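Visitor: Shown below is the structure under consideration.
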Amino acid sequence: MLMSLRIVFIFLALVLALGGCQLDTGVKVIKMGHAQVVSHPVHQAMVFLGERLEEKSGGKLKVKVYPNQQLGTERELLELLQIGSLGMTKVSAASLEAFSPEISVLGLPYLFRDDAHITQVLEGEIGKELLLSTEKYWLRGLCFYDAGKRSFYSKTKPIATPEDLAGLKVRVQESKMAINMVRGMGGSPTPVSYGELYTALQQGIVDAAENNPPSFYNSRHYEVCKYYSIDEHTAIPDVVLVSTKVWSNLSPEEQVWLQEAADESAVYQTKLWKEAVEEALLEVQKAGVEISYPSKEPFLEKVAAVYAQVFQEQKQLEALVQRIQQTNK
Ligand code: GCU
């Protein structure tokens, strides 16, 4: 009797833990977690993805979105996907570095010539390869979301040149590439998870950070950091992923619906993004943030040394960078 009760409990725990579970009604609900607040354009795009999926599947396939790092940091969310406890997530490509050395290439400073180049790379062969490069770790990339360009913000002063970073503890994502980038630019990189950053800035654990305008605004970091210097040093996209454990439990038809819904949500997100950048810059300015547009030259001068350091550690990235640079030249 005891034995059979134990088995029932284990079974129940597993059913509850499944990232994509089938309810009695035959409806499958895929759980999706992420780190942003609900006002952020990526959250709205994920909700749209769920709506498109529900429509395509006639209500048989749904997505339930858990925002705000409720289910864990980006790193933890990826680990939940790997064991199939969570079905889907959206993380920064920087958070995928540990699972795909190739993807870390996207964290190199000033990698792209312009916006058209970013689209050509991410929507072309290289983008497809990168999305599937984490599959061996049970993470299947479905599409990229636009995460714009990242720039420095600080509590104490504008970052007009890399020299202004000297002596500053700059928060970076939990990524080796981001550490190399900030160190190469002259700051002291300090990895902190996104959800803990507001407090870290407030308490002076870090003096500065870097991000795109909608994230700077939606995270309310602008309440603490009054200087935003638009140097646009990186253009690291976000990635929407599904656990391969959940993916392989979907029928071929359901897989097509999910892929289509993700692709459509990416188009929608790009539209939202442009407006969100303008709104964010306007709102932070209204809240007293000094926005400056430093010359990119002095930052670009640091790039060669950063690339050399990275290639020394990850030789295989050199060929990939060349392919990216040659894309649609
Ligand atoms: C961007 C990205 C997030 C990430 C954040 C960060 O906003 O979209 O996924 O968490 O950067 O700096 O950690």
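The values are calculated or read from the model by the stated rules, or taken from the named source; none is laboratory data. A quick note: this is a predicted structure, and the numbers were derived from the prediction, not measured. Cβ atoms come from the backbone with ideal geometry, glycine included; neighbour counts cover every protein chain shown.
Visitor: Before we move on, is E51 within 30 Å of P213 (Cβ to Cβ), free of Cβ contacts under 8 Å to residues at least 60 places away in the same chain, out of contact with any strand residue (DSSP E or B) (no Cβ under 8 Å at 6 or more places or on another chain) and more than 14 Å from the ligand (Cβ to nearest atom)?
Guide: Taking the combined requirement at face value, the residue satisfies it.
Visitor: If you don't mind, another one. Condition (residue is under 30 Å from K60 (Cβ atoms), away from the ligand (no atom under 16 Å from the Cβ) and either under 19 Å from the mean Cα position of the chain (by Cα) or not assigned by TED's automatic domain parsing to the domain that holds E129 (or both)) applied to the stretch 201-214: is it met by at least one residue?
Guide: Within the stretch 201-214 (the criterion being under 30 Å from K60 (Cβ atoms), away from the ligand (no atom under 16 Å from the Cβ) and either under 19 Å from the mean Cα position of the chain (by Cα) or not assigned by TED's automatic domain parsing to the domain that holds E129 (or both)), the answer is no, since none of the residues qualifies.
Visitor: Hey, does the stretch 197-206 have a residue that's among the aromatic types (F, W, Y) and under 27 Å from S39 (Cα atoms)?
Guide: Yes: the stretch 197-206 contains one or more residues that are among the aromatic types (F, W, Y) and under 27 Å from S39 (Cα atoms).
Per-residue answers, yes or no, for (1) within 30 Å of Q259 (Cβ to Cβ); (2) buried (at least 24 other Cβ atoms within 10 Å of the Cβ); (3) of a type in the set (D, E):
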site	(1), (2), (3)
I126	yes, no, no
E135	yes, no, yes
R150	yes, yes, no
F216	no, no, no
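Okay, residues lined up against (1) in a helix (DSSP H, G or I); (2) outside the structural domain of V192 (by TED's automatic domain parsing); (3) crowded, with 17+ Cβ neighbours inside 10 Å:
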residue	(1), (2), (3)
G26	no, yes, no
V38	no, yes, no
A45	yes, yes, yes
G58	no, yes, no
V63	no, yes, yes
L71	no, yes, yes
L80	yes, yes, yes
S85	no, yes, yes
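Visitor: Okay, next question. Please determine, by comparing only the residues of the stretch 234-261 that are part of a loop (DSSP other than H, G, I, E, B) and without any contact (Cβ under 8 Å) to a residue 12 or more places away in the chain, which one is farthest from the ligand (Cβ to nearest atom).
Guide: Taking the candidates together, the pick is S251.
Visitor: I would also like to ask the following. Of the residues Q70, Q22, only one is free of Cβ contacts under 8 Å to residues at least 12 places away in the same chain and touching a strand residue (DSSP E or B) at 6+ places or on another chain (Cβ under 8 Å); which?
Guide: It is Q22.
Visitor: Separate question: Under 9 Å between Cβ atoms, which residue pairs at least 6 apart in sequence (or on different chains) link something in the stretch 158-182 that is touching a residue at least 60 places away in the same chain (Cβ under 8 Å) with a partner that is in a helix (DSSP H, G or I) and of a type in the set (K, R)?
Guide: E174/R75
Visitor: Take L86 and tell me if it is over 17 Å from M32 (Cα atoms), of a type outside the set (F, W, Y) and within 16 Å of the ligand (Cβ to nearest atom).
Guide: Answer is no for this residue.
Visitor: Still on this structure, please answer the following. Could you list, in sequence order, the residues of the stretch 71-83 that are closer than 30 Å to K315 by Cβ, away from the ligand (no atom under 11 Å from the Cβ) and not acidic (D, E)?
Guide: Matches in the stretch 71-83: L78, L81, Q82.
Visitor: Regarding the stretch 249-263, can at least one residue be identified that is within 18 Å of the chain's Cα centre (by Cα), within 29 Å of M88 (Cβ to Cβ) and at pLDDT 95 or above?
Guide: Checked the stretch 249-263: at least one residue is within 18 Å of the chain's Cα centre (by Cα), within 29 Å of M88 (Cβ to Cβ) and at pLDDT 95 or above.
Visitor: So, in the stretch 90-127, how many residues would count as being of a type in the set (K, R) and either within 19 Å of A45 (Cβ to Cβ) or within 16 Å of the ligand (Cβ to nearest atom) (or both)?
Guide: Qualifying residue count for the region: 1.
Visitor: Only residues that are more than 16 Å from the ligand (Cβ to nearest atom) and not small (G, A, S): list them for the stretch 161-179, please.
Guide: T161, P162, E163, D164, L165, L168
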